[in-house]
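We did not get these values from a lab; they are worked out from the coordinates using the rules stated. Please read all numbers here as calculations on a predicted model, not as lab measurements. All Cβ positions, even for glycine, are placed from backbone atoms using ideal geometry, and neighbour counts span all protein chains on display.
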Amino acid sequence: MSVALVPRPRSLDVRSGTVTWHSPVRVAVEDEWRDVVETFARDLEASIGWDVEIVDVANAPDAIVRRVDGCGDEGYRLAIDTEVTIDASSAVGVAYALTVVRQLGPNELWSSAAPLDSIELPRLFIEDGPRFAWRGVHLDVARHFFDVATVCRLIDQIAAHRLNRLHLHLNDDQGWRVEVPNWPRLRSVASIRRSSPIGHEGGGLDDEEPHGGCYSAEDLEVIRQHARRRFVTIVPEIDLPGHAQAVIAAYPDLGNGDDPVEVWTRWGISGHVLNVGEGALSFAEDVVRYVAGRFPGSPVHIGGDECPTTEWEDSELAQAVMAEHGFRDERQLQGLFTERLTAALRADGHEVLAWDEVMDADVDEDVVICAWRHSTRGRVAAESGHDVVMAPMQFLYFDWLNTDSGDEPVAMAPPPTVTPWEKVYRFSVIPPGLDERYWRHVRGAQVQLWSEYIATRDHLDYMAFPRVAAFSEVAWGTPESLDAFRPRLVRHVERLSAMGVHFHPLGTH
Ligand code: TNX
């Protein structure tokens, strides 16, 4: 029986023969890891209608889960012989082994409601663990809002690929997506835009349809719990002081001008940014701490990208603040936000991430840099002592075209900047030219799903897959040649079909 695992495990030894399972699958597991097996049980129940029973190890189980030392934070060993043995040092290791068991079985295990009498698993031995700790997917819910069910579905897809971070971009010029009790107009005003561009931004056409959405604290808790069961860490992002036009529409005093603005109805980078007064800084601190507080212990992203300084150049207040601090460049003003938010989040027990532009001003070495403009930004950040998450747009912006076939739906970057899965598969997480002594600073990588041109769940699937599958293997650290990967990917997309994923078809370019 040939196997087609994605991502490929670190070591795999396929032996001859199979083992057959029937319902109920009997699993021996210690109490502390029961939850993990219960999630597996729910997956089997929802897909092939099976039961999983937790039994004592003396009771002839089909599978035994054993706690051992030395498998690493997320690693596992899986031995499939007459019985199945899973060794792990952590709950997530067990979850990953069970995910691999599902990939080893028939595709029905990934579908909904496709009953089976028996399943066969190939005999084999796997020893596995990821190379990179940060293996992420970013989703922009600001340009287009995605409901809780869609976010939870994406979490399942992420976990199916042994990825472990979901970075949620929760605000932008075009919309604010979280209720914050002290700031009710974020919901009543900033979360709704009057109209959106039709087709390419440059076309200047508008749909004149309001678009909105805003998560409540309960919604975020549902997402958090769902992610927790799938060992996915949610990384909330509030992006300030740029990308703030929606905020300023709701609270004009936080902006720099006197003319009212509306939640932005165009894509691109708005020139309307927060002012640098105490009111705006404490607003930023208040909302970021509130949102971070919905995700105790999680890393928090404070944005910081693309903050035009034009308004600050013309603002008396900003110029006075510059003089007070002895700044020579307006970009240094952004550092006031970075500093303030970083200190507050740290005090609340969160690690802080930001886009690479924050390095234009002074920034604490403990801030993790998300390098998006180019891999070089990641190299420079790592060389200057920052940990980095690699997110370079040239490889990992999945709002860019899949192909240059000419009949792709409207996407962010026009040809020739296409990003087929083959290109993603050849991405090097370690930035080219980074000396080996800095490699420890490279936490991992994440793909970005910016949603200016992604408005529906099916289109999200289409932009995400199969590129996320190719990415998962790069982030896991086990890519091989394209020729070796392609047949596995061909088998894997059948699994995606069973999951109901509307992926971009293979081989159409
Ligand atoms: C750049 S990356 C942005 C986003 C856009 C994206 C479109 C980054 C930190 N900012 O605001 O959505 O390009 O590809």
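Can you show me the helix-derived [θ] at 222 nm for the chain, built from DSSP H runs with n ≥ 4 at -39,500 (n - 2.57) apiece and divided by the number of residues, rounded to the nearest 500.
Numbers: 15 runs with 162 residues, N = 509.
Taking each H run of at least 4 residues, the total per residue is -9500 deg cm²/dmol.
Can you tell me what share of the DSSP beta bridges in the chain is antiparallel? A percent to the nearest 5 is fine.
Details: 25 of 65 bridges.
Within the chain, antiparallel bridges account for around 40 percent of the total.
Can you give the extra length, in nm with one decimal, that the chain gains between ALA58 and ASP206 once fully stretched, where that is 0.36 nm per residue apart less the Cα-Cα distance?
Details: separation 148, 0.36 × 148 = 53.28 nm, distance 6.70 nm.
Fully extending the segment from ALA58 to ASP206 adds 46.6 nm.
If the only charges are +1 at each Lys and Arg Cβ and -1 at each Asp and Glu Cβ, what is the size of the charge dipole of region 388-478 around the Cα centre, to the nearest 20 debye?
Working: 7 positive and 11 negative charges, 94 e Å.
Computed charge dipole of region 388-478: roughly 460 debye.
How high is the relative contact order of the chain? Use alpha-carbon pairs under 8 Å, at least six apart in sequence, and give a whole percent.
On the way: 1107 pairs, mean separation 72.9, N = 509.
Across the chain, relative contact order equals 14 percent.
What does the charge count near ALA382 come to, summing +1 for each Lys or Arg and -1 for each Asp or Glu among other residues with Cβ under 12 Å from its Cβ? Write out the running numbers ahead of the final one.
Details: positive: ARG377, ARG379, ARG437, ARG440, ARG443; negative: ASP356, GLU365, GLU383, ASP387, ASP435, GLU436.
In short, -1.
May I ask you to derive the relative contact order of region 319-363, considering only C-alpha pairs under 8 Å and at least 6 residues apart, and to give it as an integer percent?
Values: 23 pairs, mean separation 19.9, N = 45.
Relative contact order, region 319-363: 44 percent.
In whole Hz and in residue order, list the ³J(HN,Hα) couplings for region 327-333 that follow from phi through the Karplus curve 6.51 cos²θ - 1.76 cosθ + 1.60, θ = phi - 60°; x for Gly and Pro.
6, 10, 10, 4, 4, 5, 4
Angle check, please: helix 217-229 long axis (alpha carbons) against the longest principal axis of the chain (alpha carbons), in degrees 0 to 90, nearest 10.
Between the helix axis and the principal axis of the chain, the angle is about 40 degrees.
Using the Kirkwood formula on the Cα atoms of region 47-95, what hydrodynamic radius do you get, in angstrom to one decimal? Please list the in-between numbers first.
Details: mean 1/r = 0.0848 Å⁻¹.
Mean inverse Cα-Cα distance, inverted, gives 11.8 Å.
Can you divide the C-alpha Rg of region 27-168 by 2.2 N^0.38 Å and report the result to two decimal places? Provide the component values of the computation, followed by the final result.
Working: Rg = 16.1 Å, N = 142, 2.2 N^0.38 = 14.5 Å.
Expressed relative to 2.2 N^0.38 Å, the Cα Rg reads 1.11.
TRP176's amide H: which non-local residues (gap 5+, or another chain) put their own amide H closer than 5 Å, with H modeled 1.01 Å from N in plane and none for Pro or chain starts?
Amide H to amide H, under 5 Å and 5 or more residues apart or across chains, TRP176 pairs with SER191, ILE192.
Can you list residues whose amide H is under 5 Å from THR233's amide H, if they're 5+ apart or on another chain and H is modeled 1.01 Å from N?
ARG165, LEU166
Counting Lys and Arg as +1 and Asp and Glu as -1, what is the net charge of the other residues whose Cβ lies under 14 Å from the Cβ of GLU351?
Net charge around GLU351: -3.
Please report the net charge: other residues with Cβ closer than 12 Å to the Cβ of GLY105, K and R +1, D and E -1. Show your work: numbers first, answer last.
Numbers: positive: ARG102, ARG495; negative: ASP43, GLU108, GLU120.
Net charge around GLY105: -1.
Taking a virtual spin label 7 Å from the Cα of THR150 along the C-beta vector, which residues in region 467-504 bring their backbone nitrogen under 14 Å of it?
Inside the label zone: 502.
Let me know the Rg and Dmax you get for the chain when you use only its Cα atoms, in Å.
Spelled out, the Cα radius of gyration and Dmax of the chain are 23.7, 77 Å.
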